[in-house]
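**Student:** My questions will all concern the structure given below.
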Amino acid sequence: SHQILPLLLLQLTSLEAYIGTNNGGSNAAETLYCMLWCHDGVLADMRDKLSTSTQASPLDEVTVAQWILFASSIGVVRIAEAVRWAVVNADIYEEEDFGVALHGGADDTGNDGGDNDEQSPSQQLPSSSTSTMRFCPLLKQERAKDSATMSSIPTYHADEYIDEVWDTALKHLREYASSRKDTDGNEHDSVHALEIILRLQQSFYRSICRLSELNDQNVTDFTEQAKNRSRETVTLLNELSTCKAVTSSVTASQRLVETDGRLRSVGDERVDSLLHASFDPFVNRRLLGNAPVRKARFCNTFKVIDSLSRVVSEIEWAVCDVILEGNTLGRIMRMLENNSSRGIGGASPTTTKPNNDDKNDPPFGNSGLAIENPVGINVLSRSLMLLNLYFDDKLLGQYDFPDMIGQHMQQLCAVPEALLQSAYPGCGHSWLVRLAKPMYDTLKALCFDQHRERTFTETFIFPAFATLQVAATGVDESFRLEHGLDSQTTASYASNYVIVQTIRVMERHVGIGIRIGLYPKWYDLSTAYWYRDFLLSALLNIRGSIEQERLERKAMELRIKLEEEEEKKKANAVTKKQIQKKGKKKGKKKEPNLDAIRDTAIEEAARVSAEDFEDRLEYTCLTVHRYLCRGTVRYIAALRQAGLLSEPPSSITMFTSHQTRFEKRFDSFAMLPQPQPLSFEDYVLGSDFSAVRREDLVKSAGDCFRSCKGVIERLLQVVVAETDEDVDITKKRRNDDLYISVRREEAMALTKVCVANSLFLHKLSMAPSKVSEVALEFTAHKEYCTLNLK
């Protein structure tokens, strides 16, 4: 057991390098299939050897080790196969990692993406071709010829087969452990660690397969099962990280493989020989040709466990929680946006143990967990989310999408019910159906990584919304004609909704550009923050006017209700007098209390629902971002006035101009009718503070940051830390709430940006002559910089 354990840990290392935590790892040829035990021919030989074994139970030590190695080897291959199936069928193309070239050539059926990619991993058909780079086609759906041997030889039938392999290996391992009761504690720990590894592989594979097999009949049950399996896997990974056998089976530096793929000695000659005979980082290099590929990076053992734990925990909060808890379009949007920005919730990843020998490790994307977490979620979770975003003609397999859009229009833009039920051609339900595809694309874009989201937005979403804006104008006109409404006093409900969604996508588009480093210098950031300030102001103005119109409508409905009650009271009074004149005596009837009715009506009009509170919280967050953008633009202008920022080098305009650079950066906005795209002349005029004194400019920038800090403080009062106490969800939310648009951690990071820039502005106002250098940093937040004065 102490010899086979490092080998299984090495397989987990290869699997982690393939899947990766930082939005996808490296290609299978240089990670997973560096393990020679995972090759198709080797697995087939192992299967044949174990199927002919006739030893009595319990098996001897060697045979038990063979079963464990076989189960773990085919297990990591099955997990990788399930991951690749999800990625390929979700249509998320991740460079070369999941392409045909790294998983074998086209098979006899002509499929490019593997064996029957349109089917789930448990339904794929056998392939007649065999390739070293394929996911074991020989072992996919073979059946045992003799069903009587089921107890010792599992059926070779996809999921049933791999489950039987895991169960059989665990059975033999437990029988062997029970027969060796006199063993020392070290061997007991090793056997326990082996059992944990096989169990976590089984749970991980089950969670992926369950989410790959959803339909409208089993969506809730299967998602709950996948959620439980992911939690179980994280628990097992936690247990593995604390197992004594794991710490004793690797070197003091906790690493089995160097970052470049070379094996490191574990201090045992027999184990070293076994590992070197099992792992070769260059075995498949000949299959990759001359094209450069992403270099594989391997983590140390505890970073492998931590990384896999993150990947598995993401399945819960990034996929299962959205499917189970996303019950409105607005909430689904916010949950996906949070997830694309790294999200929160669900099972917690394991804590990486301190490692003094790995100080020179590369950043997280190359070798494991770094100080700074990656942005977004792993390609596996993104693929599973996209697979289940819309199926069986329903959003998340549960909701009628056009109806959900209609509810969102009413919630966000106060669209009247009459517009959604209009019988005019192109209006009513037809209009909601027309909205479905572009709105689905906005959700789909949130499942991509940030680079592909920008490309997808420019290519598909912006042209779609440009067309929708024109169509929305016709819908509003038809609504006014149908009901005889004045165009001057009636809001453009359909247009408002489309424009709000358009600006939301535009603002996110600019924000992602800042986050991924498309605006590296201060003069680039100035244009981005300036344009984003404009978009945020436009979005806040539209939503503010919509909310004002909603309040006016509520006030009018309240006034009508009170007038009706007043008329009813007067009518009752007249009737009472007439009865008294006729001298008829009847029992006293309790009269309605007009004051109580008025109070009740006012209370109903002022009542805030849970989703209203979430929308207001989102509105407040938009205000925070606007203050930050505006303050940063003015801060940069003040530094330019002080002569602390060097002008853009002439080399950047050698073959172009500043105007052309500006137009190219925001060229994708030009196709949109609303809001009208801003020109370079608008930027020059809007960012020209030459007529403003530097003291006033510094004060104005400082006021923006102070106002932003004040708004954040109010946010922190309503977004409270996790607590067991009940919280009124119309007034406060816990930090782990799935529906809020900001977390306390991000709010605190934005506060750091405000405080740092405010302090440096104060330094600039007090002693500008002592400042000799300005450093641009994104350490506190990925979208907002601090300009450090040195």
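**Student:** Pick out, in residue order, every one of the trypsin sites (Lys or Arg not before Pro) in the stretch 612-695 that is DSSP loop and has at most 13 other C-beta atoms within 10 Å; say none if there are none.
**Tutor:** Sites meeting the loop and neighbour criteria: Arg693.
**Student:** Please arrange Lys732, Lys394 by accessible surface area, largest first, computed with a 1.4 Å probe and ligands excluded.
**Tutor:** Lys732, Lys394
**Student:** Round to the nearest 10 and report in Å² the accessible area of Lys568, as given by a 1.4 Å probe over the protein chains' heavy atoms.
**Tutor:** 120 Å²
**Student:** Taking 28 Å as the cut-off for C-alpha to C-alpha distance, list the pairs among Lys664/Lys709; Lys709/Lys732; Lys699/Lys770; Lys569/Lys731 that go past it.
**Tutor:** Lys664/Lys709; Lys569/Lys731
**Student:** Give me the extension gain from Tyr619 to Thr779: residue separation times 0.36 nm, minus the current Cα-Cα distance, reported in nm with one decimal.
**Tutor:** 55.0 nm
**Student:** Of Glu160, Glu30, Glu746, Glu725, which has the most accessible area and how do the rest follow, probe 1.4 Å?
**Tutor:** Glu725, Glu160, Glu746, Glu30
**Student:** Add +1 for every Lys or Arg and -1 for every Asp or Glu among the other residues with Cβ under 15 Å from the Cβ of Glu663, and state the total.
**Tutor:** -2
**Student:** Can I ask one more? Taking just the alpha carbons, could you work out the radius of gyration and Dmax for the stretch 402-485, both in angstroms?
**Tutor:** Answer for the stretch 402-485, Rg first and Dmax second: 14.4, 47 Å.
**Student:** To continue, here is another question. Students sometimes get this wrong: rank Lys790, Lys770, Lys782, Lys731 by accessible area, probe 1.4 Å, all chains present, largest first.
**Tutor:** Lys770, Lys731, Lys790, Lys782
**Student:** Separate question: Give the accessible area for Tyr523 in Å² (nearest 10); use a 1.4 Å probe, count only protein heavy atoms, and leave out ligands, DNA and RNA.
**Tutor:** 40 Å²
**Student:** Given an 8 Å cut-off on Cα distances and at least 6 residues of separation, report the relative contact order of the stretch 466-565 as a percent.
**Tutor:** Contact order relative to length: 23 percent.
**Student:** So, in nm, how far is label Val574 from label Asp393 when the simple model puts each one 7 Å beyond its Cα toward the Cβ?
**Tutor:** Placing both labels 7 Å along Cα→Cβ, they lie 5.5 nm apart.
**Student:** Further question on the same structure: When the chain is fully extended, how far beyond the present Cα-Cα distance does Glu269 get from Ala466, taking 0.36 nm per residue of separation?
**Tutor:** Net length gain for the segment: 64.2 nm.
**Student:** Place +1 on the Cβ of every Lys and Arg and -1 on the Cβ of every Asp and Glu in the stretch 621-681, take the dipole about the Cα centre, and give the residue among Leu622, Leu645, Pro673 whose Cα lies farthest towards its positive end.
**Tutor:** Leu622
**Student:** Just the accessible area per residue of the stretch 732-790, please: how many Å² with a 1.4 Å probe?
**Tutor:** In whole numbers, the stretch 732-790 has 47 Å² accessible per residue.
**Student:** Okay, next question. How long are the semi-axes of the ellipsoid equivalent to the stretch 596-710, from square roots of 5 times the Cα gyration tensor eigenvalues, in whole Å, largest first?
**Tutor:** 41, 22, 11
**Student:** Figure the gain on full extension for Ala277 and Val62 (residue separation times 0.36 nm, minus the Cα-Cα span) and round it to one decimal in nm.
**Tutor:** Once the chain is fully extended between Ala277 and Val62, it gains 75.7 nm.
**Student:** Calculate the FRET efficiency for His483 and Lys554 from the Cβ-Cβ distance with a Förster distance of 25 Å, rounded to the nearest 0.05.
**Tutor:** Here the calculated transfer efficiency is 0.80.
The values are calculated or read from the model by the stated rules, or taken from the named source; none is laboratory data. No experiment lies behind these values; they were computed from the predicted model shown. All Cβ positions, even for glycine, are placed from backbone atoms using ideal geometry, and neighbour counts span all protein chains on display. The protein model used for the area step is the full one, side chains on, heavy atoms only, and it has no ligands, DNA or RNA in it. Shrake-Rupley method; radii C 1.70, N 1.55, O 1.52, S 1.80 Å.
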